[in-house]
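Here's the structure, in structure tokens; my notes come after.
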Amino acid sequence: MATRVTAAESAAVAQVRRELSGRRTDVRGIVFELVLLLTLILALAVLIVLLLDVSRTAVPVLLDEGGRIFSSGLSTLPENAGIYYGLIGTLYLGIFVLVIAIPLGIAAAIYLEEYARDTRLTRLFTTNIRNLAGVPAIVYGIMGLGVFVVLLGPITGPGSVEGKSLLAGGLTISLMVMPIVIITAQEALRAVPSSIREAGFGVGATRWEVVRSHVLPYAAPGILTGAVLSMARALGETAPLIMVGAVTGFLSTSGGFLDQLQQRFTSLPTLVFAYVKKPQEEFQDLAAATILVLIVFIFVVNLGAILLRNRYERKW
Amino acid sequence: MAQSVAGGGGVGAIDLRGTPSRRRRERRMKAVFFSAAFLCIVLSIAIVGSLAGGAVQFLSNVEFGTLWSSGWFPRRNLFDLKTLVAGTIMVSVIAMIVATPVGLGAAIYLSEYASPRRRRLLKPILETLASVPSVVMAFFALRFISPEIVQRFFGSDVPLFNITAAGLAVGLLVTPLVASVAEDAMHAVPNALREASAGIGARKRTTSIRVVFPAAVSGISAALILGISRAIGETMIVAIVAGGTGGSLFSLDPLKGGQTMTAAITSLATGSDQVRGTGPAYYSLFFVGLLLFLFTLALNLLSERFVRRVRTRY
């Protein structure tokens, strides 16, 4: 009886020893890890297939008649249609984001992080901004339609433009990305340790002097990354522009940026939307060409943001 | 005067206040920053105001019977809301069927398995996918997802423009958002929990699923809710791919064309009578916009609450 127990015991000890020191591989663990990796590969595959699918159509079209496409305007005939006004429009919208959304967003973030005390008003600001960032783009479009096109129409686009002007579109897009700029800038400012600020206050600097000379230089890479990402978002956005009436038909373009402000406008993504909806095969090719140009635009901007972040990522 | 404050000829608080010009500039900068922050409140008021104004116009002009009829045909004064809500829910459900496993899988891998170097290499892939404009994803859905996936698996009698293809494309677009928010949540789980689990002999897989995942469950729920909210608000894909241009009959078949709230707004804006008008069809745009705004607002507030729960725990 006693020997049998020891035999069972020694078997158990041997088993435990085997389990602890054995080299049995955890097959299910490896399968699990592979499945997880597969999800990332799926995302990569989607990107690659998308790029290949677009390029397969777009590259021959661009090689064949790239010069004409880049220099032609809008037309109902596919052989006369191009992306010139789309490029100009997207560029102008980018200027709006650069001049309005990014400075205002950074300023608001500075107020919330550096100046505001934890009052009820501050909490209202913060909650409000978080909610604004979650509002769908098309709702911003409706706001733009209600405010900039209908209400302020006589100012933003007088006469036959009926308010559906570049000014209305640019303001709508700028307000749409502003919450994103604010939130990313807030995070960048928050990451600057308070000892840096205290050093500035210690030598008698005012709050603005501390922000300008101590906080902003350290937060700059983070703020810039957010700004670049919001720019990419703005350049690719379509829905709000459609709401404020980005045109897909005739467009008169004369003069520079300031002359264009109260005129009608279009952009690369709105052109894609217009061309995709047309039944002719040639317009589908044109849509692919426009998409390739747009994607290259946006990927370059995004790559800039990613490189910037990897370059300056620091732990305090 | 300074001496009287500091006493005994030392330096007092008033001496340290700086010159009047510096203090004036300080006040000016603070006012500038404050007005920038205040602009966001104005923006919210503008959003709610323009939505509510148009919605009230719509409700005071429309016959309430048409809000529950056979379909959404604004040009014929039929404003069946359940058509739009059903379409929106179908698209979002299909989108989340894609985005939940793919997004969470990617999040677990990046947070628990990937080495820092591999993480730096793989994360940009998700970010690049997130930066694809929705109109581009719509083109891809029309050219690839609909013919090569939906029609291949569900038979070629499925129309090219259908809810399923739109839902799949929206899902791909939402995946990076779900992945990045969920990854943040899992990353925030303290290492002590992982070490304790490993210390009692758990495998890495067990630790990931039974320890890290439950600890981060609030943040993961927030990621999913945020994903749903984004899927509901996604516009260009459904406007192009779902096939509801002009109007749609009420239907619960995801293999047919349908209409969502966002697509209905877009097609009203791009319709033959253009963005401006006076009839109920024009004002219905604001009403649907208000519904959309309230839906997404509710979801965002819900996800905010989940996120806050994580923050208080650790």
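Nothing in this text is a laboratory measurement; each read-out follows from the coordinates by a stated rule. Just so we're clear, the structure is a prediction, and the values are computed from it rather than from any experiment. As a convention, Cβ positions derive from the backbone with ideal geometry for all residues, glycine included, and neighbour counts pool all protein chains shown.
Points to keep in mind about this one:
- Rg followed by Dmax, in Å, when the stretch B:64-313 is reduced to its Cα trace: 20.7, 70
- Table column - 3J(HN,Hα) (Hz), the stretch A:177-190, Karplus curve with 6.51, -1.76, 1.60, x for Gly and Pro: 8, 4, x, 5, 4, 4, 5, 5, 5, 4, 5, 5, 5, 5
- Counting, for every residue in B:22-34, the Cβ atoms of other protein chains within 10 Å of its Cβ and taking the mean gives 5.
- Estimated FRET transfer efficiency (A:Glu281, B:Asp157; beta-carbon r; R0 22 Å; 0.05): 0.45
- Euclidean distance of C-alpha centroids, the stretch B:154-193 and the stretch B:195-237, integer Å: 13 Å
- Dipole of the protein assembly as shown, positive direction: furthest Cα of A:Ala274, A:Pro60, B:Val85, with charges on the beta-carbon: B:Val85
- About the Cα centre, charge dipole magnitude for the stretch B:64-313 (Lys/Arg +1, Asp/Glu -1 at Cβ), debye: 880 debye
- At most 12 other Cβ within 10 Å, DSSP loop - trypsin sites (Lys or Arg not before Pro), the stretch B:27-74: none
- Averaged over the residues of B:195-208, the number of partner chain Cβ atoms lying within 10 Å of the residue Cβ comes to 2.
- Between amide H atoms placed 1.01 Å from N, distances below 5 Å from A:Gly157 occur with A:Gly163, all of them 5 or more places distant or on a separate chain.
- Shown in residue order for the stretch B:62-71 are the 3J(HN,Hα) couplings computed by the Karplus curve 6.51 cos²θ - 1.76 cosθ + 1.60 at θ = phi - 60°: 8, 7, 5, x, 6, 6, 9, 10, 8, x Hz (x for Gly and Pro).
- GNM top mover of B:Ala95, B:Ala114, B:Ala52 - chain B, alpha-carbon springs below 10 Å: B:Ala114
- B:Gly71 long-range amide H proximity, modeled H, under 5 Å: B:Asp80, B:Phe250
- Along the axis of the charge dipole computed for the protein assembly as shown (Cβ charges of +1 for Lys and Arg, -1 for Asp and Glu, origin at the Cα centre), the listed residues A:Phe125, B:Ser284, A:Val210 are led at the positive end by A:Val210.
- Helix-derived mean residue ellipticity, 222 nm - over the protein assembly as shown, DSSP H n ≥ 4, -39500 (n - 2.57), to 500: -22500 deg cm²/dmol
- Per-selection metrics, the stretch A:123-165 (Cα): Rg and Dmax in Å: 13.7, 44
- Working value for the stretch A:91-172: equivalent-ellipsoid semi-axes of 29, 15, 11 Å, each the square root of 5 times a Cα gyration tensor eigenvalue, largest first.
- Relative contact order computed over the stretch B:64-313 (Cα-Cα under 8 Å; 6+ residues apart), in percent: 28 percent
- Charge dipole (Cα centre; +1 on Lys/Arg Cβ, -1 on Asp/Glu Cβ; no other charges) of the stretch A:87-268 amounts to roughly 260 debye.
- In a simple Cβ point-charge model (Lys, Arg +1; Asp, Glu -1; nothing else charged), the protein assembly as shown has a dipole of about 2380 debye relative to its Cα centre.
- If you bin all the Cα-Cα distances of the protein assembly as shown at 20 Å, starting from zero, the percentages per bin are 17, 48, 25, 8, 2, 0.
- Candidates A:Phe125, A:Phe273, A:Phe32, ranked by Gaussian network fluctuation over chain A, Cα under 10 Å, top entry: A:Phe32
- Greater than 24 Å apart at Cα, pairs in B:Lys123/B:Lys204; A:Lys277/B:Lys256; A:Lys164/B:Lys82: A:Lys164/B:Lys82
- Only Cα pairs under 8 Å and 6+ residues apart enter the sum, and on that basis the relative contact order of the stretch A:87-268 stands at 36 percent.
- Two-site FRET efficiency, A:Val27 against B:Lys82, from Cβ-Cβ distance with R₀ of 35 Å, rounded to 0.05: 0.10
- Seen against the Cα atoms of chain B and their longest principal axis, helix B:20-61 is set at about 20 degrees.
- Listed residues B:Pro147, B:Pro176, B:Pro20, most fluctuating in chain B (Gaussian network, C-alpha, under 10 Å): B:Pro20
- Counting beta carbons within 10 Å around each of A:Ser230, B:Ser21, B:Ser35, B:Ser267 and listing the fewest first gives the order B:Ser21, B:Ser35, B:Ser267, A:Ser230.
- Cα→Cβ-extended label distance, 7 Å offset, between B:Arg22 and B:Thr206, nm: 6.4 nm
- Stretchable slack from A:Leu152 to A:Ala12, in nm (0.36 nm times residue separation minus alpha-carbon distance): 42.0 nm
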